[in-house]
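Comments concern the structure below.
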């Protein structure tokens with residue numbers, strides 16, 4: 001290890017709350033390839049849940065919001081269309097929105113191959129602007145939890161506006177049982193890895209912030225011979241009461257709780273919570 005890299009590693013300190021990453025990894029040429037590969041792996045939970053569980057989720061959602069009654073579905077954070085394709089095949093008219101250009105391009109190619117009518121948009125879902133166009137909105141695999149409280153409020157307002165009367169918003173989150181302990185680890189990738197195609201050192205650190213939102217940060221500092229990049233992934237965890245308060249404040253009139261997004265019974269001891277929120 002070079003002296004410069006040693007100095008860079010020693011200089012890593014806890015960043016201010018919500019400090020941004022130095023690079024948009026969703027659309028980084030190398031990293032986005034790895035993300036897409038992870039999405040498409042049917043046996044991995046790394047980016048999308050295992051596809052067997054995805055199938056179970058889609059069947060359950062169709063049972064509580066059948067496409068015969070809830071036809072128009074908006075899939076937020078749709079990635080490469082793993083859920084969207086299944087929703088479409090089940091009879092929904094689907095619109096998918098995602099922040100990853102590579103994922104959306106893949107999803108559009110698959111839709112063309114499958115001759116499906118899914119509409120995909122490369123867009124930050126915090127910027128959506130729909131008015132009573134959808135019967136169902138989904139936000140799956142705990143995406144809600146990566147947002148700061150101000151962003152969550154904004155998104156809930158936009159989703160509420162996008163839904164038709166009696167429409168349903170379905171989301172899942174991790175519970176405090178999944179909170180990590182503060183730690184730091186260092187790994188060397190001689191032949192490249194997920195964060196860079198070049199040889200690099202990755203310093204992974206988990207920080208806890210004792211703000212009102214109990215924010216957590218998992219930070220990856222990636223050092224090559226030429227560059228230092230910092231990727232900050234923020235997260236939050238939700239007990240039932242906290243999640244209910246945020247959803248009700250956005251105007252949803254009825255909220256049902258489940259243990260996961262495949263309809264498991266709710267348990268206060270579970271790792272996830274699923275909410276079905278009716279406008």
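The values are calculated or read from the model by the stated rules, or taken from the named source; none is laboratory data. Just so we're clear, the structure is a prediction, and the values are computed from it rather than from any experiment. In this analysis, Cβ positions are derived from the backbone assuming ideal geometry, glycine residues included, and neighbour counts consider all displayed protein chains.
Brief remarks follow.
- Filter result (at pLDDT 95 or above and surrounded by fewer than 17 Cβ atoms within 10 Å (Cβ to Cβ)) within region 247-256: 248, 249, 251, 254, 255, 256
- Any chance residue 177 is within 30 Å of residue 222 (Cβ to Cβ), surrounded by fewer than 17 Cβ atoms within 10 Å (Cβ to Cβ) and touching a residue at least 12 places away in the same chain (Cβ under 8 Å): yes
- Candidates 120, 141, filtered to the one that is surrounded by 15 or more Cβ atoms within 10 Å (Cβ to Cβ), in a loop (DSSP other than H, G, I, E, B) and either in contact (Cβ under 8 Å) with a residue 40 or more places away in the chain or not assigned by TED's automatic domain parsing to the domain that holds residue 74 (or both): 141
- Among the conditions (1) out of contact with any helix residue (DSSP H, G or I) (no Cβ under 8 Å at 6 or more places or on another chain); (2) under 26 Å from residue 279 (Cα atoms), the only one that residue 52 does not satisfy is (2).
- Total residues in region 241-256 satisfying the condition of being touching a helix residue (DSSP H, G or I) at 6+ places or on another chain (Cβ under 6 Å) and free of Cβ contacts under 8 Å to residues at least 24 places away in the same chain: the figure is 1.
- Here region 81-95 is the region considered, the condition is being outside any loop (DSSP other than H, G, I, E, B) and over 20 Å from the mean Cα position of the chain (by Cα), and the residue that is surrounded by the fewest Cβ atoms within 10 Å (Cβ to Cβ) is 89.
- 3 or more residues at negative phi, at pLDDT 95 or above and not assigned by TED's automatic domain parsing to the domain that holds residue 208: qualifying helices (runs of 4 or more DSSP H) within region 1-67: 29-40, 51-64
- Here residue 107 passes the criteria (1) assigned to a helix (DSSP H, G or I); (2) free of Cβ contacts under 8 Å to residues at least 12 places away in the same chain; (3) under 29 Å from residue 148 (Cα atoms) except the one numbered (2).
- When residue 98 is tested against (1) more than 19 Å from residue 39 (Cα to Cα); (2) surrounded by 15 or more Cβ atoms within 10 Å (Cβ to Cβ), only condition (1) is not met.
- Residues that are within 23 Å of the chain's Cα centre (by Cα) and not in a strand (DSSP E or B), drawn from region 172-191: 175, 176, 177, 178, 179, 180, 181, 182
- Scope region 214-238; condition over 24 Å from residue 197 (Cα atoms) and under 18 Å from the mean Cα position of the chain (by Cα); matching residues: 215, 216, 217, 234, 235, 236, 237, 238
- Test result for residue 115, within 30 Å of residue 190 (Cβ to Cβ), more than 20 Å from the chain's Cα centre (by Cα) and either free of Cβ contacts under 8 Å to residues at least 12 places away in the same chain or surrounded by fewer than 14 Cβ atoms within 10 Å (Cβ to Cβ) (or both): no
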